[in-house]
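I have placed the structure first, in the form of structure tokens, so that the comments after it can refer back to it.
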Amino acid sequence: MSDTPGPDQRRRSRTYSTIVNILHPLLEFYTEPRWSGSENLPEGGFVAVSNHVTNIDALTFGHFLVDHGVPVKFLAKSELFETPLVGRMLAAADQIRVERGTHDAAKALEEAKAALLRGECVGIFPEGTLTRDPDMWPMKGKTGAARLALETGVPVIPIPQWGTQEAIGRYSVRPKFRRNVPVKVKALPPVDLSDLREQPATAETVREATRRIMADLTAGVAQLRGQTPPERVYDVAVDGDPRPLKRKRKRHRGAGRR
């Protein structure tokens, strides 16, 4: 059962509301929301972080937040903005475009920082992409969420989710067309960064903040799964990407069609 959504106390644009009205019935048709922890959603600006298992996680993450009165603004990779329909929707809803691996990536964090200081919610998948962990546990996080929290003073709210993998294949964009798939989403208390906020935002401080964010998020995923996470966190830089051959084949086929 979902807990009762709170009043919508944050403003959202007409376009944002239109997109929500389109997506909401589709999500209600395909998924069965099992929500909890709405009492942990604060007033004012905050960073919301979630784990990333499938390509519809942003929809269920947003579904939870919007239905609890929080019109989230996502940091989204630039490739999504280049997708014909999705890209137009993201741009129209004033989402934040991230040019990964370029100098322009810093501009996205500045835009996110401004939104947080205006009292908005910024949603981030700290892993940066779909998890590569074989058992779909959260992998090593990137530092963006921690930097935003330390530089603005806003809280970080972990919002773990579990169940979307039953609605769509892993790494896939094709839904399984199952109705009423249970999707658990839970807002946790803010990550304790109080001691780190009193320190200079050095690389070491940011890494420690990121470690705490991912630890709390992983603990939340473990609660939803009813399982114990692995002792060692999956790190693509060390463990590799399990799909390199697949990506190479795609690039080769694309080159052959020119």
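The values are calculated or read from the model by the stated rules, or taken from the named source; none is laboratory data. Computed from a predicted model, the values in this text were never measured in an experiment. Counting neighbours? That spans all protein chains shown, and the Cβs are built from the backbone with ideal geometry, glycine included. Please note that ligands, DNA and RNA were not included when accessible areas were found on the heavy atoms of the full protein model with its side chains. Shrake-Rupley method; radii C 1.70, N 1.55, O 1.52, S 1.80 Å.
Determine which aspartates and glutamates satisfy two conditions relative to Lys176: a Cα distance under 12 Å, and not lying fewer than 8 residues away in the same chain. Within the straight-line limit of under 12 Å, Lys176 reaches these aspartates and glutamates: Glu166. Taking all protein chains as shown and a probe of 1.4 angstrom, Tyr171 keeps an accessible surface of around 50 Å².
Label the stretch 9-61 by shape, choosing from rounded, prolate and oblate, from the square roots a ≥ b ≥ c of the eigenvalues of the Cα gyration tensor; if a/c is under 1.5 it is rounded, and otherwise prolate applies when a/b is larger than b/c, oblate when it is not. The shape class here is oblate.
Could you check which residue among Gly163, Gly144, Gly240 shows the biggest mean-square fluctuation in a GNM of the chain with a 10 Å Cα cutoff? Highest fluctuation of the listed residues: Gly240.
The gain in end-to-end length when the Asp239 to Arg197 segment is fully stretched comes to 11.9 nm, 0.36 nm per residue minus the alpha carbon separation. Comparing mean-square fluctuations of Val191, Val154, Val173 from a GNM of the chain with C-alpha springs under 10 Å, the top value falls on Val173.
Answer with a single label: of (1) 57, 51, 35; (2) 50, 49, 37; (3) 54, 42, 38, which was calculated as Cα extents along the principal axes in Å from the structure in view? Only one option fits the structure, namely (3). Computed over the chain with a Gaussian network model linking Cα atoms closer than 10 Å, the most mobile of Gly62, Gly87, Gly45 is Gly87.
Within 10 Å, count the other beta carbons around each residue, average over each peptide in 20-28, 130-138, and list them highest first. Display every interim value, and only then the final one.
Details: 20-28: 13.3, 130-138: 18.4.
Ranked from most to least packed, the peptides come out as 130-138, 20-28.
Maximal additional length on extending the Glu151-Thr228 stretch stands at 24.4 nm, based on 0.36 nm per residue less the C-alpha distance.
Multiplying the sequence separation of Glu99 and Glu204 by 0.36 nm and subtracting their Cα-Cα distance, what value in nm do you get? Let's see the in-between values first.
Numbers: separation 105, 0.36 × 105 = 37.80 nm, distance 2.46 nm.
Residue separation times 0.36 nm, minus the Cα-Cα distance, leaves 35.3 nm.
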